[in-house]
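The values are calculated or read from the model by the stated rules, or taken from the named source; none is laboratory data. As the structure is a prediction and not an experimental result, all values here were calculated from the model. Note that we place each Cβ from the backbone using ideal geometry, even for glycine, and neighbour counts take in every protein chain shown. Just so you know, the surface numbers come from the protein's heavy atoms only, side chains and all, with ligands and any DNA or RNA stripped out. Shrake-Rupley method; radii C 1.70, N 1.55, O 1.52, S 1.80 Å.
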Amino acid sequence: MTRKNLAKQIHDACAATYMYQTDGSCVTIRVARVTHSAKEICSNIESAIEGVAGVIPRGWKNIKSLFLKLSESPSLPIFQDVGEPTRLK
């Protein structure tokens, strides 16, 4: 960082999205703030999903579920991999 563009760098860092990956199988991504419009939030969610699929080993094959959560809400499922379809005999 330099003094010349410190304010811009601080603003960019505050507006950035962060992906938190633990030793387990869960990943947390902060995608929006309450000050964002619904359109911005949806766009951020779509971008985050595309981005995480690109960095998770084996991509979508290793993503089993996606949930949307606010700071004080229950987790809301938005994607669930139910596995390969089975044929009834």
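Here are a few things to note about the model shown:
- When the range 56-76 is limited to residues that are open to solvent by less than 90 Å² (accessible area, probe 1.4 Å) and touching a residue at least 12 places away in the same chain (Cβ under 8 Å), the one that is farthest from D23 (Cα to Cα) turns out to be L68.
- The sole residue among T22, T35 that is out of contact with any Gly (no Cβ under 7 Å at 6 or more places or on another chain) and modelled with pLDDT under 80 is T22.
- Among (1) open to solvent by 90 Å² or more (accessible area, probe 1.4 Å); (2) of a type outside the set (S, T, N, Q); (3) in a helix (DSSP H, G or I), the one test that R87 misses: (3)
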